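Input: a single structure, listed below in structure tokens.
What follows draws every value from the coordinates through simple rules; no lab data is involved. Note that the structure is a prediction, hence the values are computed from the model and not measured. A quick note on method: Cβ atoms are made from the backbone with ideal geometry, for glycine too, and the neighbour counts reach across all protein chains shown.
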Amino acid sequence: MDYYGFWQLLLEEISAAPRNAERRIVTFNDHRQYAGALSQWKSLKAKRPGLRQIQVSSLIKAFFVPAAGAEKLMDKFAASLSIEEDLKIQVHSLAEEKTGAAMMPWGVKAIHAPQAWSKSTGVHVKIGVIDTGVDYRHPDLKHSLASGVNLLHRGMLPLDDNGHGTHIAGTLAAAGGTRGMMGVAPRALLYPVKAFDHNGSAYVSDIVLGIDWCVQNKIDIINMSFGMKTRSKALHDVVIKAYRAGIAIIASSGNDGKRGGDYPARYPETIAVGALDRRHRVAAFSNRGPYIDVYGPGEGVPSCWLREGYKEMSGTSMATSHVTGAAALLLALRPALTPRELKQLLRRTALPVRLRKGQRRAALGGGAADALRLLRAGARAKRAAAAAAKA
């Protein structure tokens, strides 16, 4: 394959394309050809600054290139390549709701997290939060935050310019003590991965790069409070890679109030989360169905917000952060659990949800997350495994 010609063709398109031009995800059908193209790219980009705009996912062996360039590549190298549209993806929250102090949010109490803290507070568990970034100045979050990564502006802190990521971070691991808010796993460590812009929008390529970063940095769990309607091969491929690396991905199902739901929650390798209202029923806005693994509190959830504030929000995004926090409590005690085992324990320890008129339990999927039951079941499973090993 003519790797020099491959990059020369793309370089011409990069020079002509505006910075915000549509992109495509390019993968090679033969991994050896990917290695050859990668080697050529590394040697050329020092002399050809335009090639530095190309981004690479080593995990799924893909390049992210301008759309016009991808079309020309297909004309010349069609037998060697697969090309996929770089689709838009959105965070899963509804309109912002009222502002107010959070203290001990109802959702944290509803999943019995405070009763679980005598057993685990999530210490040392690394949570990747692929979202809009985080407010690093928030007093309730400052002890819970690692540096993370800003995929939109490399070299800068992943600062939140939307609010959604800060809200998710608060539910996960706020540690404000008696004067502020407490999250589900207050001693877990959050690694913000800023993939979403100020509008709460990202591209599949941003998510791929975010998961790639989490795998490289040995993150334990990834919170993904976002989704899209369309299936993406590249997104599924990188989810599978993370799953095989032992990283649990917990994803929100979407807010359409329908049976079915969004990707990546619908991929079997993720843990799919729906939302409950304050009466412990499936929220009217929540997607539902047999593929939902577990439900978490998602209606009128107070949490941290920008400029050191607080805000109530609703959505399966909010539910997902409760479930991820509960999973972190368990992984602090059982760090060797696989994503599959974690999913099984979450499903097995979930409580039945209250039904709305006309609903059938089987049509909803899983039950309501309960952190205390999860830790107790995890401890029992550990004792049983130890006893079996001795026998």
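Things to note:
- Distant-in-sequence amide contacts of F226, defined by a placed amide H-H separation under 5 Å and a gap of 5 or more residues or a different chain, comprise H92, S252.
- Karplus-derived 3J(HN,Hα), 6.51/-1.76/1.60, for each residue of the range 274-291, Hz, glycine and proline x: x, 10, 10, 8, 5, 9, 6, 9, 4, 4, 4, 7, 6, 5, 8, x, x, 6
- Think of each Lys and Arg Cβ as +1 and each Asp and Glu Cβ as -1; about the Cα centre, that makes the dipole of the range 3-86 roughly 500 debye.
- Nearest-ten-degree value, helix 204-216 long axis tilted from longest Cα axis of the chain: 70
- To the nearest ten degrees, helix 67-77 and the longest principal axis of the Cα atoms of the chain are 60 degrees apart.
- Between the amide H of I271 and those of I249, I250, A251, distances stay under 5 Å, these residues lying 5 or more places away or on another chain, with hydrogens modeled in the peptide plane.
- Lys/Arg +1, Asp/Glu -1 at C-beta; the chain dipole; positive extreme among G5, S39, G300: G300
- Modelled spin labels at K42 and K109, positioned 7 Å past Cα toward Cβ, are 5.6 nm from each other.
- Once the Cα atoms are used to define both axes, helix 371-390 deviates from the longest principal axis of the chain by about 80 degrees.
- Normalised contact order of the chain, rounded percent, pairs of Cα under 8 Å and 6 or more residues apart: 18
- When the listed pairs K88/K241; K109/K258; K229/K258 are checked against a 23 Å cut-off, the alpha-carbon distance exceeds it for K109/K258.
- Modelled spin labels at D2 and T230, positioned 7 Å past Cα toward Cβ, are 3.1 nm from each other.
- Inter-centroid distance (Cα atoms) of the range 179-219 relative to the range 330-344, Å: 20
- Scalar couplings 3J(HN,Hα) for the range 80-90, obtained by applying the Karplus form with A = 6.51, B = -1.76, C = 1.60 to θ = phi - 60°, are 9, 10, 10, 10, 10, 5, 8, 6, 6, 9, 10 Hz; x denotes Gly and Pro.
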